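The values are calculated or read from the model by the stated rules, or taken from the named source; none is laboratory data. Remember, it's a predicted structure, so these values are computed and weren't measured experimentally. In this analysis, Cβ positions are derived from the backbone assuming ideal geometry, glycine residues included, and neighbour counts consider all displayed protein chains.
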Amino acid sequence: MREREPLTVRMAALAFLEALAVRYGRSDRTVRTYRTALRRFLEYLSALGLDPDQAKTADLDLGIVRDFITYLEGCYRSRGRALPPATRQTYLSAVAGWVDFLLDEGLWTLPAEEARRLAREIRAQRGRAAPPLPRLPREEFLEALLSAARARPPSRSRRKELLRRRDLALLLTLRGSGIRVAELAALRRGDFDPAQGILWIRQGKGGKERLAFLDPAAVEALEAYLRARDTSVRGKVATALPLFARHDRGAGGRTLPMTPEGVRRALRQLAREAGLPEAITPHQFRHYFATRVLEATGDLAAVQDLLGHASPTTTRRYARVSPRRLQAVHRKAFGGEAPGTEEGP
């Protein structure tokens, strides 16, 4: 690519973050993570005497980029800690992506061999950490949450009655669809097809669309909630309303969408009412859904499609934590007998 007028280092970092969101469709979470990593990189440049607001991208050299991880390790050691492998991986991924962006856009020029060598060296430093295994919620905890939601008495207060109906529909939707909390918060009424029990996920991770499915209990609870909430709204106006709305006093009479944090707060409140030792997170419902589908079907490809995973590697984690599946394998190997039932040697 033709070399462009060099930007300041800070402006080049901002251009990369904007491209992540707009051009490459990366999630808000990824952009926030990369922003944190690049902020640390700019702090590192300042420590070297390079002002990110004055230095140009042309002022970067291989050694500066290569030694970023050494700087990070030193920062952690000064606090008596080791640099976590996941942090190393994330920060180096961010810097590697930014370097690729600079080279592709002609904002930083390197001979081809040097660019390849730098890429190899960054990959070698990453020390890729294996993602943690999914943390599955206990079945009895899920049932306790549902019991708590169903035990709430009907209320003459419209706000409290809508909260009661919404939270039951929320639990059943999370349990039966496997969708992400951000996907749930983005749903509109027009994305819900009760006749087919379908949710249309239009704002999935990476900007991808897919279908999610609901069981009859979730469909019934959602329809009951929407009938009580939108009594006088019809047509196109209704389809544009959020599927799950806020019913706190701050919302007033407006139909505002729940936020992911609002969903978590609702689950924490139900956990308190159920007497659980800790709340179940929205993502644990996703883990529960994936494991249950895998145990029922053994079809990893179907689980990948239902969850909206880009890579089958991500989905395979559920094969490692499926209790019934692993127990069946163990019984097949050992005959299902309890220890100590064999006769003596």
| note | Within segment 194-222, the residues that are at pLDDT 95 or above and touching a strand residue (DSSP E or B) at 6+ places or on another chain (Cβ under 9 Å) are Val219, Leu222
| field | Count of segment 58-106 residues which are more than 17 Å from Ser46 (Cα to Cα), surrounded by fewer than 17 Cβ atoms within 10 Å (Cβ to Cβ) and of a type in the set (Val, Ile, Thr) | value | 1
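Specify which of the listed residues (Ala218, Ala266, Ala212) is in a strand (DSSP E or B) and within 26 Å of Glu139 (Cβ to Cβ).
Result of the check over Ala218, Ala266, Ala212: Ala212.
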| said: Given the options Pro260, Pro282, name the one that is of a type outside the set (Val, Ile, Thr), closer than 28 Å to Tyr24 by Cα, buried (at least 19 other Cβ atoms within 10 Å of the Cβ) and in contact (Cβ under 8 Å) with a residue 60 or more places away in the chain. | reply: Pro282
| request: Kindly indicate the residue of segment 198-224 that is of a type in the set (A, V, I, L, M) and in contact (Cβ under 8 Å) with a residue 60 or more places away in the chain and also nearest to Ala240 (Cα to Cα) among those meeting that condition. | output: Ile201
| remark: Looking across segment 288-325 at residues that are surrounded by 16 or more Cβ atoms within 10 Å (Cβ to Cβ) and not in a helix (DSSP H, G or I), the single one that is modelled with the highest pLDDT is Gly308
| Looking only at segment 161-182, and only at residues there that are assigned to a helix (DSSP H, G or I), touching a residue at least 24 places away in the same chain (Cβ under 8 Å) and of a type in the set (D, E, K, R), the one that is farthest from Thr255 (Cα to Cα) | Arg175
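From the residues in segment 269-279 that are part of a loop (DSSP other than H, G, I, E, B) and in contact (Cβ under 8 Å) with a residue 40 or more places away in the chain, which one is farthest from Glu140 (Cα to Cα)?
Step one: of segment 269-279, the residues part of a loop (DSSP other than H, G, I, E, B) are 275-279.
Pick out the ones that are also in contact (Cβ under 8 Å) with a residue 40 or more places away in the chain and you get 275-276.
Working: Gly275: 12, Leu276: 10 Å.
Residue satisfying both the conditions and the ranking: Gly275.
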| Residue check for Gly252: on the phi > 0 side of the Ramachandran plot and either touching a His at 6+ places or on another chain (Cβ under 9 Å) or surrounded by fewer than 17 Cβ atoms within 10 Å (Cβ to Cβ) (or both) | yes
| remark: Given (1) of a type in the set (A, V, I, L, M); (2) buried (at least 17 other Cβ atoms within 10 Å of the Cβ); (3) over 14 Å from Ala245 (Cα atoms), Ala195 misses just (2)
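Can you tell me which residue among Arg10, Arg81, Arg40, Arg26 is within 24 Å of Ala115 (Cβ to Cβ) and not in a helix (DSSP H, G or I)? If you could, list the steps in order and put the result at the bottom.
On the way: Arg10 fails: not in a helix (DSSP H, G or I); Arg81 fails: within 24 Å of Ala115 (Cβ to Cβ); Arg40 fails: not in a helix (DSSP H, G or I).
Unique residue meeting the criteria: Arg26.
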| query | Which members of segment 225-247 meet the condition of being surrounded by fewer than 15 Cβ atoms within 10 Å (Cβ to Cβ), within 20 Å of Ala149 (Cβ to Cβ) and in contact (Cβ under 8 Å) with a residue 40 or more places away in the chain? | reply | Ala228
| Filter result (part of a helix (DSSP H, G or I) and either of a type outside the set (S, T, N, Q) or in contact with a strand residue (DSSP E or B) (Cβ under 7 Å, 6 or more places away or on another chain) (or both)) within segment 53-73 | Ala58, Asp59, Leu62, Gly63, Ile64, Val65, Arg66, Phe68, Ile69, Tyr71, Leu72, Glu73
| request: Go through the residues of segment 131-145 one by one and say whether even a single one is touching a helix residue (DSSP H, G or I) at 6+ places or on another chain (Cβ under 6 Å), modelled with pLDDT of 85 or more and among the aliphatic types (A, V, I, L, M). | output: yes
| message | I need a count of the residues in segment 37-52 that are without any contact (Cβ under 8 Å) to a residue 12 or more places away in the chain, within 16 Å of Met11 (Cα to Cα) and either small (Gly, Ala, Ser) or out of contact with any strand residue (DSSP E or B) (no Cβ under 9 Å at 6 or more places or on another chain) (or both). | response | 3
| message | Which of the numbered conditions does Tyr76 fail, given that it passes all the others? Conditions: (1) free of Cβ contacts under 8 Å to residues at least 12 places away in the same chain; (2) under 30 Å from Gln203 (Cβ atoms). | response | (2)
